[in-house]
Every structure is written in structure tokens, then in C-alpha cells.
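The values are calculated or read from the model by the stated rules, or taken from the named source; none is laboratory data. Just so it is clear, the structure is predicted and the values come from calculations on it, not from any experiment. All Cβ positions, even for glycine, are placed from backbone atoms using ideal geometry, and neighbour counts span all protein chains on display. Accessible surface areas use protein heavy atoms only, side chains included; no ligands, DNA or RNA. Shrake-Rupley method; radii C 1.70, N 1.55, O 1.52, S 1.80 Å.
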Amino acid sequence: MKYISSKNISWLACLLLIACQTEEVSESGDGNFLQVLSVNLENERSSTKAVVSSIDKVNVYATHTAESAPSAGSSENSEIAAHALSVFSYEGSSWGCETPPELADAPYNIYAYYPLKRTDGTTLTAKNSSDGKHYIEIVVNSENSFSTQNQDDYLYADQSAPVTASKSDKAISFTMKHALAKVSFEITKDASASETLTLTKVEIVSRTGYLLTGQQGKMYLNNGKLTALSSGELITLKGSVVLKNSLPSPNVSSLVAPMDAPEKALLFRLTVSVGGIERVFETSTVKNDQVANWAGVQWQAGLEYIYQIKVSKMGGTISGVTVHDWKKDSDQNTQVGI
């Protein structure tokens, strides 16, 4: 029979204590691992804490400041290495991660984007492009309904001043920006119309082809710029809305790709059911006296454009246009600062 001396027992106890302390340090998030303090939305004035509305998860990855991503290669479409991509989640009162990136002495650029998955279930994975940039694949105008509920609101961390981290400076915060614009309509019924008017289609018509759509677009994660989308002259939204004489808020909305240049010939074609008979009305083009500081209409990321249109049983007329930061919209799938 073998015996363990009291001296050996003391050494075993010390080893067990050290092991337990090491495990506690690892689980507490100390060490050389990236830490996220807060995630805020640009123009979100009231939020100083860690969460932006219902966003509770963001994809985060690190690259060396020379922009060489930590992956096997930098060829077009190669994915960022799995070990470099981490999901940070907001739980309780702070952001945490099961597998945060481990940092070295050299500084890294840190990227973040949202959502983790599109509404169609596709996982959004950061990829390298041949020019050394990083992007995710996006879909724009896929739903084409009167509501933004099934559209994806793509967000990225503002890289105008890149977020950096290193072993000696590992706690960071993100400011997220919208990559898309929002176009909304307040379409009301003229007081002269006694019949029930039901709106079934809104067509946004560009005479010069500055509308952008597509299911294989790219969103670059250093600046949110969208590429590889198709230029077109028409965006079609379908639904069913009974028109009222007045509205407290827009009754038609869509997330759209920003325009690359000003559109000086934008108009709207409405399909309205009047007593079971469909009629198609086309408004005049948006004019310079309807938009402040007119330089043509150029939808910009992070802004909402609201067009007021009054409809009678004989036609539709644009009565005004307003432009402002997105407001919160309860029917938006992400409910993020809209």
C-alpha cells in the first residue's frame, strides 16, 4: 500500500488552488482578449450604455493595421478565418463573448457588422476581396412590400477613425452606421374622394437609372459602400392599404440602396383600387421647390426620405418631401434606431 505524506498533500492543495484561480481568471475575461464596452448607433443621443435598441449580437473580427486579414489567403471571396470571427452578445448589463480574439502587442483594426444572419436564414460571413478590403454579401429590395419587416438593415462599425486594439489597449466601443437609406410615403386620400381607395402598388420610377437593386451586392466593412448592385429605373412595392384623409406616420416604407449620384427625374406610379376597378396614377416628377437645398434627389445612407402624396379618384399629387434621420419603426425587423 502507498501512502501520501502530509508534505505532498500540501503541494497538491497548492496546485489545485492555482488551477482554480487560473480557470477563474480565464472565465472573468482577463488576459489578452478583446473586450467590447458598448455598441451605439450614430445619431443615437440618449444611449450611453451598451445596447442599441434590440441589437444584442454583433459579428466582430480583427485584422492587422496593415489590413492583412488573418486568413489563409487574400483572394477574392476567401472567407475570414473562423478563429478571427467572434460573436459578441449583450447579456444582463454588458457585452461578452465565448471565444474573443486574442490580441498581440501589435495593434489591430477591429470590424463589426450586423446582422449575423439575414431574414432568409443566410449567415453573413466577412470575406476578403482582391483589393485587400473586407465585405459581406447583401440583398437589397428583395421583399418589395409596403413594410420593411422582412428587409435586412445592414449595419457596420464606423471606420472613419478605425477602431483599434492591442494587448495593452483591449477594451473598445463601436458606433454602428446604416448602410442603406429608407424611403417612406404618407399617401392619403383627398377630401373630395368619397369612395374607398385601396392602394395596392407603388412604383418608384427613375428616368435616368440611378436606382440600385440586387441579390449579389457587396457591403464593404471599412466604409459601408455598396457595390455590385444593378442599376435600374424601377423599384416596385406591393401591398394593400386603405387610404385615409390624414396619417400620423408613413403607411409605406422600404429600405433602399443609396444613390451614387443625384436623380433629377424621380416620380411615383400608384395603383389604386376604386370600387373594385384598378386605376394607375403617375405623379409629376419631384421638383426643386419641394426639397430644401435642391441638387436633385440623392438618397443617402442613414437618412429617411418621406414623400407626401395626396390621391383622389382621378390622380395623385406630390404635396411635400421631408428628409431626416431614421426614427424607430415598430414594423422594422431589426428595430434599430429607425
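Brief remarks on what is shown
- Solvent exposure of Glu282, expressed as accessible area, is near 90 Å², computed with a probe of 1.4 Å over the protein chains only.
- The figure for Arg207 is an accessible area of roughly 120 square angstrom, using a 1.4 Å probe on the protein chains alone.
- Portion, in percent, of the accessible area of region 97-176 that falls on carbon or sulfur, probe 1.4 Å: 40
- Less than 5 angstrom separates the built amide H of Asp158 from those of Thr175, Met176, Lys177, all sequence-distant by 5 or more or on a different chain.
- For Leu211, distant residues with modelled amide H under 5 Å away: Gly232
- Against the criterion of solvent-accessible heavy-atom surface with a 1.4 angstrom probe, Thr119, Thr283 sort, most first, into Thr119, Thr283.
- Ordering of 144-151, 173-180 by packing [mean C-beta count within 10 Å, highest first]: 173-180, 144-151
- Residue-normalised accessible area of region 127-232, given per residue in Å² at a 1.4 Å probe: 37
- Ser249 contributes about 60 Å² of solvent-accessible surface, heavy atoms of the protein only, 1.4 Å probe.
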